């Protein structure tokens with residue numbers, strides 16, 4: 001059978017641990033033939049948003065055919081509406097038995113609806129990555145873009161959708177509250193991590209090699225955080241200040257690009273042997289870096305690295321956002337209410353003390369990990 005992943009509502013970035021990458025890879029491993037139809041939006045070598053040069057087609061490293069489509073003319077308008085050249089031709093040529101739509105906010109919904117109507121045996125699944133922290137941030141966006149424009153297109157597709165997925169509890173709520181989708185047709189499809197990378201990076205040899213590379217000793221308590229460091233995650237600066245005020249044995253390893261507007265303040269906090277910054281890490285390297293961690297900390301907005309850290313059996317300290325508490329399965333997560341420096345210090349010390357005394361949080365982190373692996377998430381996504 002053929003699964004076609006539609007990634008036209010936002011970016012498609014290869015080399016990242018994003019859901020659209022890992023779901024398509026694991027569907028391929030399950031024995032499906034897989035195509036990806038994607039936009040030109042991507043990230044450059046520094047992890048910053050960019051637009052690729054033009055339409056192209058290629059086979060990626062996992063044997064998946066990727067078709068990149070350019071915007072229709074006039075491009076300025078159709079970039080907003082997400083209308084693409086040759087999408088209907090490409091979809092018909094792909095001939096999917098299952099369509100998985102990543103991000104439902106696109107004028108492409110009407111073409112998918114037409115294909116599903118003409119092929120009644122096709123199963124359509126739709127996920128949602130929008131919530132109130134990353135979308136609908138002003139009156140115009142909420143009431144015009146989402147509740148009129150995107151709702152219009154989603155309603156065209158709605159009769160043919162078998163299941164709507166929100167990738168966070170908050171994103172399930174967003175579907176119901178803004179597009180009029182009944183809650184009974186929506187469910188949570190958590191993000192997670194690559195089983196094979198988790199198994200590889202969780203080995204003793206990878207942990208020892210990574211810690212040795214950064215000159216960490218067994219007496220050091222290593223806090224790891226990662227992702228794009230921008231104004232949505234500027235609380236990283238508070239984390240840096242917190243670690244600088246803690247005992248010498250507490251070290252911080254940060255990976256990911258820094259927004260230029262935050263660069264000066266960020267660089268002023270980089271203290272040799274206390275805080276280390278890796279400007280860029282590919283997917284595999286990110287698993288290696290988390291392997292060195294005793295605790296993962298994310299004091300800002302949610303990122304896919306939260307679930308990756310949980311999958312790697314790491315206790316996590318994260319900012320509490322409504323609708324993101326799913327990472328706490330059994331007490332493996334500790335939540336920050338304010339992300340101020342004193343709170344981060346207090347809660348890091350609580351976790352480190354628990355690890356030192358071999359108490360509950362390490363055991364709970366190991367227990368929680370099995371729920372965040374893509375071998376199971378990929379099956380759930382298409383209800384097998």
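Observations on the structure shown:
- Evaluating residue 8 against the criteria (1) under 20 Å from the mean Cα position of the chain (by Cα); (2) surrounded by fewer than 17 Cβ atoms within 10 Å (Cβ to Cβ); (3) under 27 Å from residue 117 (Cβ atoms) leaves one unmet condition, (2).
- In the range 318-327, residue farthest from residue 130 (Cα to Cα) [restricted to those that are without any contact (Cβ under 8 Å) to a residue 60 or more places away in the chain and in contact with a helix residue (DSSP H, G or I) (Cβ under 8 Å, 6 or more places away or on another chain)]: 318
- Residue within the range 286-294 that is crowded, with 22+ Cβ neighbours inside 10 Å, modelled with pLDDT of 95 or more and closer than 20 Å to residue 165 by Cβ present: no
- Selection from the range 6-23 of residues that are under 14 Å from residue 377 (Cβ atoms) and either touching a helix residue (DSSP H, G or I) at 6+ places or on another chain (Cβ under 9 Å) or not in a helix (DSSP H, G or I) (or both): 17, 18, 19, 21, 22, 23
- Among the residues of the range 1-19, those that are more than 12 Å from residue 98 (Cα to Cα) and modelled with pLDDT of 90 or more comprise 7, 8, 9.
- Flag if residue 176 is without any contact (Cβ under 8 Å) to a residue 60 or more places away in the chain, part of a strand (DSSP E or B), more than 30 Å from residue 295 (Cβ to Cβ) and in contact with a strand residue (DSSP E or B) (Cβ under 7 Å, 6 or more places away or on another chain): no
- Selection from the range 96-114 of residues that are in a loop (DSSP other than H, G, I, E, B) and either more than 18 Å from residue 34 (Cβ to Cβ) or out of contact with any strand residue (DSSP E or B) (no Cβ under 6 Å at 6 or more places or on another chain) (or both): 103, 104, 105, 106, 107, 108
The values are calculated or read from the model by the stated rules, or taken from the named source; none is laboratory data. Treat the numbers as computed from the prediction; the structure is a model and nothing was measured. Positions of Cβ are backbone-derived with ideal geometry, glycine not excepted, and every protein chain shown enters the neighbour counts.
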